[in-house]
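As structure tokens, the structure follows; a few thoughts come after it.
The values are calculated or read from the model by the stated rules, or taken from the named source; none is laboratory data. Given the structure is predicted, the values throughout are model-derived calculations rather than measurements. Cβ placement follows ideal geometry from the backbone for every residue including glycine, while neighbour counts extend to all protein chains displayed.
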């Protein structure tokens, strides 16, 4: 259907009544006009003609939120008006006359379209320019800023504060003997930064990656008492402060050494934090956020607010829930949001050699290499077979210890590592692990060692 000039103007007027439904498509508009005005219109024609004369249809054109104001001087974009060489008396000629000229906005419609004093025709915001450029939303305007890329933000130094530990908890400071064979890794330095900045680091990774020992090593290096608490489903933070007891026939609240720990310089690690039930995590929120916690049973039932010492560090450790580790709960964001996170990697081959050499100095380089190659082969086999089990340097040390103390290699390999698959009800996988041992040492050598 071809619209005459008069019909086109009538359609434009009728569309004005549909302005509030700016998301209508041309087809929907035609349907509405057919229902209300008994006029049959072709959607493609409506869409084409009204785009041409500056009457955009549908949500792609309306509701842009562009901030044009009454009285603002704008330049009319000419190329859109001249896109098609079609003349419609009273409409297109006026557009062509305005193309490239500067006009003052007389009215801004709710749809975002504008009208000028010289004509009542509505112009879409995309068809006008302000200040030599296309008009943008005020929220999106970004000023050009010259950035000096030669300047670098200076890094801050971490202040290492001095403190004094009371005699009554000095016995909790880790002993040097524990770290004679400790391998210092970059991850240990990262943990120290978190603690020194007053964060609550959550260390995570598979078992045997050194999470717990890393916290203990930090306490040892800083001379701080170290307190380790293993969480479980029913673990309650409030109970660490003390409990009710009967003294001289009267119910009293007996405080624990945990109270002394939090009120003095110390490192407190909550291990297996993901084993905790969701309900029992809420007291941690107040403790971490406000560094204090109210215990209602304290002070013989009167209640007391316990405050953390400024040098009391609190950390957490967990084995994230995975296909290999099905225990534990996934902590909610209201707990995780109060922590920082460090993922502990597995020991590299170089670190394994260094650790085994320190722990077993009398072991030959050849034997050390064979055990480490076997261990790395086991890790690869577990990953490829997707066995639901984790092995770590702990199992490697177990094998070596058993073998060094006289157990035949075959039995040491079984008791120290390969029989772990039977513990997870996957006995058939033991054959695959055993083939790795045969490939590493050879069948005959396994029988001799």
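Side notes on the structure shown:
- Subset of segment 416-431 (residues that are more than 21 Å from residue 362 (Cβ to Cβ) and in contact with a helix residue (DSSP H, G or I) (Cβ under 6 Å, 6 or more places away or on another chain)): 417, 418, 421, 429, 430
- Of all residues making up segment 154-176, the number that are surrounded by fewer than 11 Cβ atoms within 10 Å (Cβ to Cβ), assigned by TED's automatic domain parsing to the domain that holds residue 219 and in contact with a helix residue (DSSP H, G or I) (Cβ under 9 Å, 6 or more places away or on another chain): 2
- Inclusion of residue 232 among residues that are surrounded by 20 or more Cβ atoms within 10 Å (Cβ to Cβ) and either under 26 Å from the mean Cα position of the chain (by Cα) or free of Cβ contacts under 8 Å to residues at least 24 places away in the same chain (or both) is not warranted.
- Residue 365 outside the structural domain of residue 185 (by TED's automatic domain parsing), out of contact with any helix residue (DSSP H, G or I) (no Cβ under 8 Å at 6 or more places or on another chain), surrounded by fewer than 16 Cβ atoms within 10 Å (Cβ to Cβ) and at pLDDT 90 or above: yes
- One residue alone among 100, 112 is surrounded by 10 or more Cβ atoms within 10 Å (Cβ to Cβ), modelled with pLDDT under 80 and in contact with a strand residue (DSSP E or B) (Cβ under 7 Å, 6 or more places away or on another chain), and that residue is 100.
Yes/no matrix, rows are residues, columns are (1) surrounded by 17 or more Cβ atoms within 10 Å (Cβ to Cβ); (2) within 21 Å of the chain's Cα centre (by Cα); (3) assigned by TED's automatic domain parsing to the domain that holds residue 245:
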| residue | (1), (2), (3) |
| --- | --- |
| 274 | yes, yes, yes |
| 290 | no, no, yes |
| 294 | no, no, yes |
| 298 | yes, no, yes |
| 302 | no, no, yes |
| 305 | no, no, yes |
| 313 | yes, no, yes |
| 319 | yes, yes, yes |
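- When the strands (runs of 3 or more DSSP E) confined to segment 204-283 are screened for residues that are under 25 Å from residue 183 (Cβ atoms), those reaching at least 2 such residues are found at 226-230, 266-271.
- Residues located in segment 406-417, provided they are more than 36 Å from the chain's Cα centre (by Cα) and part of a helix (DSSP H, G or I): 409, 410, 411, 412, 413, 414, 415, 416
- If you filter segment 378-393 down to residues that are touching a helix residue (DSSP H, G or I) at 6+ places or on another chain (Cβ under 8 Å) and outside any loop (DSSP other than H, G, I, E, B), you find that the one that is nearest to residue 350 (Cα to Cα) is 393.
- Criterion applied to 446, 420, 424 was being closer than 19 Å to residue 368 by Cβ and in contact (Cβ under 8 Å) with a residue 12 or more places away in the chain, and the one residue passing it is 446.
- Options 249, 223, 242, 210: the member that is under 27 Å from the mean Cα position of the chain (by Cα) and in the same structural domain as residue 310 (by TED's automatic domain parsing): 210
- Subset of segment 177-225 [farther than 18 Å from residue 344 by Cβ and buried (at least 22 other Cβ atoms within 10 Å of the Cβ)]: 224, 225
- Filter pass, residue 358 being surrounded by fewer than 18 Cβ atoms within 10 Å (Cβ to Cβ) and closer than 21 Å to residue 186 by Cα: yes
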